[in-house]
Every structure is written in C-alpha cells, then in structure tokens.
Amino acid sequence: MDFLARHLPSGPNRVLSVLTRAVGVGLFGVLGWNLGAMGFDLRRTGDVTPLLNLPLSLAAFALAAACFAECLVLAATAAGENGGTP
C-alpha cells in the first residue's frame, strides 16, 4: 500500500486514503456491533470468569467501545480533521 501511495499523484492518493479509512470504519463498525450483541448475550446468560467471577460481558462491552472509538478516529482522519495524512 505504501509503495502505491508513494507513486500516486496527490488527488488519487487522497481518494485512496479516504477509501481505505471508509473500509476501516465499516469493518470496525460491524465488529463493534457484534461485540455489543455478544456482550448482551453474555450478560443475559450470566457468564463469568472462572477464578474471579467477573462478568464476561464487561470485556465484550469494552472491546465494542474501543471499536467504536476507532471508527470515530478513522472517520475524523478521513474527513481531514487530523490533516488527512495516510
């Protein structure tokens, strides 16, 4: 990817950068959605860790939140708020 980006003019390079970030937003969005659904299922069933009895749903919700945060970061860079540099 870097080899291709280095040899493209700035216009197509920017389009490629926005496109790859849009794909990332989509993938992390789907991943976050599914992790959130998994968290609700784990909370419904009451699954806990064997040793500490911590709810497993907390880990799923934390990972879902991290995925959604990554969506925001990728969307902000695609919009050019952080300079739009690849």
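Nothing in this text is a laboratory measurement; each read-out follows from the coordinates by a stated rule. The structure displayed is predicted, hence computed values, not measured ones. Here the Cβ positions follow ideal geometry from the backbone for every residue, glycine too, while neighbour counts run over all protein chains shown.
From its DSSP helices (H runs of at least four residues, each -39,500 (n - 2.57)), the chain gives a residue-normalised ellipticity at 222 nm of -26000 deg cm²/dmol. Packing, taken as the mean count of other beta carbons within 10 Å per residue, orders the peptides 70-77, 10-17 from highest to lowest as 70-77, 10-17.
Compared with the dominant Cα axis of the chain, that is its longest principal axis, helix 10-45 is turned about 0°. The long axis of helix 56-78 is offset from the longest Cα principal axis of the chain by roughly 10 degrees.
In the P(r) worked out for the chain, what percent of Cα pairs fall beyond 21 Å? Result for the distance tail: 47 percent.
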